[in-house]
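First up is the structure itself, then whatever we jot down about it.
The values are calculated or read from the model by the stated rules, or taken from the named source; none is laboratory data. Only a predicted model underlies this, so the values are computations on that prediction, with no experimental measurement involved. Heads up, the Cβs are rebuilt from the backbone with ideal geometry, glycines too, and the neighbour counts pull from every protein chain shown. Areas reflect the complete protein model, heavy atoms only, side chains present, ligands, DNA and RNA absent. Shrake-Rupley method; radii C 1.70, N 1.55, O 1.52, S 1.80 Å.
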Amino acid sequence: MSETRFAIGIDLGTTHCALSYVDLDASDGEHVSQHVFDIPQLTAPGAVEERPLLPSFYYLPHPDEFPATDLSLPWTQTQDCITGELARERGAQTPIRLVASAKSWLCHPGVDRRAPILPADAPEEVGRISPLEVSKRYLEHLRDAWNTRFPEAPFVQQDITVTIPASFDPAARDLTAEAANAAAYDHLTLLEEPQAALYSWIQGTGGDWRKQVEVGDVILVIDIGGGTTDLSLIAVVEREGNLELHRVAVGDHILLGGDNIDLALAHVVAGKLSAQGTQLDPWQLRALTYGCRAAKELLLNDNAPDNAPIVVPSRGSRLIGGSIRTELTRDEVVNTVLEGFFPHVESAAKPATRARSGLTQLGLPYAQDAGITRHLAAFLTRQSEATSDLEGFSNAFPEGATFLHPSAVLFNGGVLKSKTLGERVMNVLNDWLSKENAASARLLEGADLDLAVARGAAYYSYVRRGGGVRIRGGTAQAYYIGVESAMPAVPGIAPPVQALCVAPFGMEEGTDTALPPQEFGLVVGEPVQFRFFGSSVRRHDEVGTLLEHWSADEVQELGEIEATLPAEDRPIGEIVPVRLHACVTETGTLAIEAIPRSGNEHWKVEFDVRGQG
Amino acid sequence: MNEPNPSFFARIPMAVGAFFKTLFNAEYAASIRRLDQSAALGVEHGVAEPAAVSPLKEMSADSALQFLGLLQRDGRFVDFIEEDTSAYTDTEIGAAARVVHEGCRKVLREHISLEPVRTEQEGARVTVEQGFDASATRLTGNVVGQPPFTGTLTHRGWRASDVNLPKIAKEHDVTVLAPAEVEL
């Protein structure tokens, strides 16, 4: 008898986490009994409330900052750190003790993600914590909250899906799985967030989705969250008379989201106040950011007034005397938000990049171009071949087209709750389409933009058990290792590197590949590094394909991978010829193994997550 | 003990009788002494009746203080009420009122589910049926006769259909509505 009573989905977001679950006993086929879990968390010292979202913030308090019992949670009285709403609130006032955007650090190739490096600008005495550990703590909070509420259905026995950005590289996926394993998530699967959003939409239609999409549709999922923007393309194909969904492309990891928009507006208003001689401190700037968020919504509506008042409350108890009254005008919002983040650009636009100066502080690699529509244009242009291998998709990329033509759009993420911003995105996209005489893309309605990912993930946990449509995807990139070509040494010139394909595009969970013919010499007892590359556009390379040269647009270098051969019964220093073998685990992570020519041993090849800095 | 107390003139012969009976009857004198002692202790009339239960109850101050703390935290309610408004213009007060209104409304929405007692439009003619709940409907004006009453709805009323306050740590001091803040 199975002890699994629930299928759980967890959205481990950059700014929020959410948990949804499906009651398996009460569900049958497309009739799904699904719930959103209200997560108990500290919302003030000594006060615990249940909220559907757990802000992904982690606060390391000073030992004297709180009375000992004020940090109690239903399942513990002895925690020394804070997660959730109170962490966010405290951290805004004491940022040196706050860890935010841990997820963005988890996929930051420039830092050691297992090392205690966060908060990045904390003074010496504040204990630091690694991006991996913070992710684990969020997952533990959710686990403990679950076990408190459902003691008769322990978390560890349930089927769990944790979502990740589609643009996470293999190392970041591996780290997410590592954090989940460390938090005792035993039955774990990873799912890409845009796919989760689409699952949620499918579930929301109650079986009607088959009427709302048809074979030949290309669905563009645009996910603009608090801190990141994630793009995916999903094609609707027919197989044996049934509709099937294929995720055919994912975009780059773009660190750009709603928080940037609100902050940009706050700086506009702060600049105006500063010109009038009023300087805001960081606390007031934060209050102003909240104010701008609400005013933005008001001013972006149809029939909006010309301006909206914003009041920055005083910090002291003199509220009336100490508050600062200002306003945000419609022009400022249109210029900053619409023209700054969602400009009307040509479909050939590319996001601006500027060379990073060598001495930049080691921080998160934020997107350098705030124009989300430019990122979208570049993605569709780059992925114009995404459906070329599928039958019945000639409409998606007809003769003379310059970018892939999506026929439907699904929104996700809090930013697109704004009707005006959603309309702007659709207008820009449909302008591009009409210039190439293509039909307009339609918006798939009825998505729940805040909780869709968690809901979709729970639904996926459920359909994985059988029944219900599955999105086929597999790896969204082909992976290569760098091989130095054998050529006579030329002083001063590094030998050219060739890229050997070890994992083709579209490998699905639980599959593995043939062994490539090439062998490498591993030195026993010594770690050996390989350069590692990924391509999101080379769909036809097979294992063993050797690339002599490539364009930067086509193949990107990822963090290195490293293999260490344990000595065991071999003499240290001996060179053992091995071949590299790739597979995608059931969890959804890429695993690479080194297999010697003889014997049936194999050794795991690790992703280097220690950064190149 | 539901009999009315004897009048002054009725008490004169009782007092004279009691005087002589106390003087000449030792047992009677002892019962008079017990009566006096119990009166001094506040016990009623020597009858062993259970103490009457008060129909009023003491309210715990904790949730009131907690809620006031929430209104202050999110809506600066205490700051606003405690400030002297006479020194400011209506514009200045209005600006601060936005903070209070927005914050207090958020607190109310989050923690208390409100619904009107009556769903009709204010100003509409409504009928108050027999057996109505007098705590949920207040009759005013020409209150005579028997229900059903017909009248004009002047206020729809509010009812808290659900209250959901944060759980508090056992030792948490709810009397601190807002902590003093010291920036280092």
(message) Which count do you get for residues in segment B:89-101 that are surrounded by 11 or more Cβ atoms within 10 Å (Cβ to Cβ) and either more than 8 Å from chain A (Cβ to nearest Cβ) or more than 24 Å from A:ALA294 (Cβ to Cβ) (or both)?
(response) 3
(message) For segment A:327-349, check the following and say yes or no: at least one residue is of a type in the set (A, V, I, L, M), surrounded by 19 or more Cβ atoms within 10 Å (Cβ to Cβ) and within 14 Å of chain B (Cβ to nearest Cβ).
(response) yes
(request) Count, please, the residues in segment B:54-88 that happen to be in a helix (DSSP H, G or I) and within 26 Å of A:ALA295 (Cα to Cα). (result) 11
(request) Kindly indicate whether B:GLU120 is in a strand (DSSP E or B), surrounded by fewer than 14 Cβ atoms within 10 Å (Cβ to Cβ) and of a type in the set (Asp, Glu). (result) no
(message) Please go through segment B:68-85 and give me each residue that is surrounded by fewer than 20 Cβ atoms within 10 Å (Cβ to Cβ) and within 19 Å of B:GLU171 (Cα to Cα), ordered by number.
(response) B:LEU68
(message) It is to be established whether one or more residues within segment B:58-68 are of a type outside the set (Phe, Trp, Tyr), more than 18 Å from A:VAL311 (Cβ to Cβ) and facing chain A (nearest Cβ under 10 Å).
(response) yes
(message) Checking the structure you have, find out if any residue of segment A:585-592 is more than 31 Å from the chain's Cα centre (by Cα) and of a type outside the set (Asp, Glu).
(response) no
(message) Can you find, within segment A:303-316, the residue that is least open to solvent (accessible area, probe 1.4 Å) among those that are more than 9 Å from every other protein chain (Cβ to nearest Cβ) and without any contact (Cβ under 8 Å) to a residue 24 or more places away in the chain?
(response) A:ALA308
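Matching residues to (1) among the β-branched types (Val, Ile, Thr); (2) at pLDDT 90 or above:
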{"position": "A:ASP217", "(1), (2)": "no, yes"}
{"position": "A:ILE224", "(1), (2)": "yes, yes"}
{"position": "A:ASP230", "(1), (2)": "no, yes"}
{"position": "A:GLU238", "(1), (2)": "no, no"}
{"position": "A:GLY257", "(1), (2)": "no, no"}
{"position": "A:ALA264", "(1), (2)": "no, yes"}
{"position": "A:HIS267", "(1), (2)": "no, yes"}
(message) Taking the conditions exactly as written (surrounded by 23 or more Cβ atoms within 10 Å (Cβ to Cβ), farther than 19 Å from A:GLY127 by Cα and aliphatic (A, V, I, L, M)), does A:LEU54 satisfy them or not?
(response) yes
(request) For segment B:161-172, state whether one or more residues are within 14 Å of another protein chain (Cβ to nearest Cβ), touching a strand residue (DSSP E or B) at 6+ places or on another chain (Cβ under 8 Å) and open to solvent by less than 40 Å² (accessible area, probe 1.4 Å). (result) yes
(request) Please specify each residue of segment A:429-443 satisfying the condition of being open to solvent by less than 10 Å² (accessible area, probe 1.4 Å) and within 24 Å of the chain's Cα centre (by Cα). (result) A:LEU429
(request) Could you please find all residues in segment A:90-122 being outside any loop (DSSP other than H, G, I, E, B) and either out of contact with any strand residue (DSSP E or B) (no Cβ under 8 Å at 6 or more places or on another chain) or not assigned by TED's automatic domain parsing to the domain that holds A:ARG137 (or both)? (result) A:GLN93, A:PRO95, A:ILE96, A:SER104, A:LEU106
(request) Residues being within 14 Å of chain B (Cβ to nearest Cβ), outside any loop (DSSP other than H, G, I, E, B) and either surrounded by fewer than 16 Cβ atoms within 10 Å (Cβ to Cβ) or of a type in the set (Gly, Ala, Ser) (or both): count how many of those fall in segment A:14-47. (result) 2
(message) Given the criterion touching a His at 6+ places or on another chain (Cβ under 9 Å) and either of a type outside the set (A, V, I, L, M) or modelled with pLDDT of 70 or more (or both), identify the matching residue among B:PHE24, B:PHE20, B:PHE9, B:PHE67.
(response) B:PHE67
(request) Kindly indicate which of A:LEU98, A:LEU132 is open to solvent by 20 Å² or more (accessible area, probe 1.4 Å), touching a Lys or Arg at 6+ places or on another chain (Cβ under 7 Å) and at pLDDT 90 or above. (result) A:LEU132
(request) Tally the residues that are in a loop (DSSP other than H, G, I, E, B) and buried (at least 17 other Cβ atoms within 10 Å of the Cβ), restricting the search to segment B:102-117. (result) 0
(request) Determine if segment A:547-557 includes at least one residue that is in contact (Cβ under 8 Å) with a residue 12 or more places away in the chain, in contact with a Lys or Arg (Cβ under 9 Å, 6 or more places away or on another chain), farther than 17 Å from A:VAL502 by Cα and not in a loop (DSSP other than H, G, I, E, B). (result) no
(message) Cβ-Cβ under 7 Å, sequence separation 6+ or interchain: first residue in segment A:48-75 and within 8 Å of another protein chain (Cβ to nearest Cβ), partner in a loop (DSSP other than H, G, I, E, B) and open to solvent by less than 40 Å² (accessible area, probe 1.4 Å). Which pairs?
(response) A:VAL48/B:PRO166; A:GLU49/B:PRO166; A:THR69/B:ALA169; A:ASP70/A:PRO45; A:ASP70/A:GLY46; A:ASP70/B:ALA169; A:SER72/B:ALA169
(request) Can you confirm whether segment B:92-105 contains a residue that is at pLDDT below 95, over 30 Å from A:GLY46 (Cα atoms) and in contact with a strand residue (DSSP E or B) (Cβ under 7 Å, 6 or more places away or on another chain)? (result) yes
(request) Restrict the check to segment A:464-474 and report whether at least one residue is surrounded by fewer than 19 Cβ atoms within 10 Å (Cβ to Cβ), part of a helix (DSSP H, G or I) and either modelled with pLDDT under 85 or of a type outside the set (A, V, I, L, M, F, W, C) (or both). (result) no
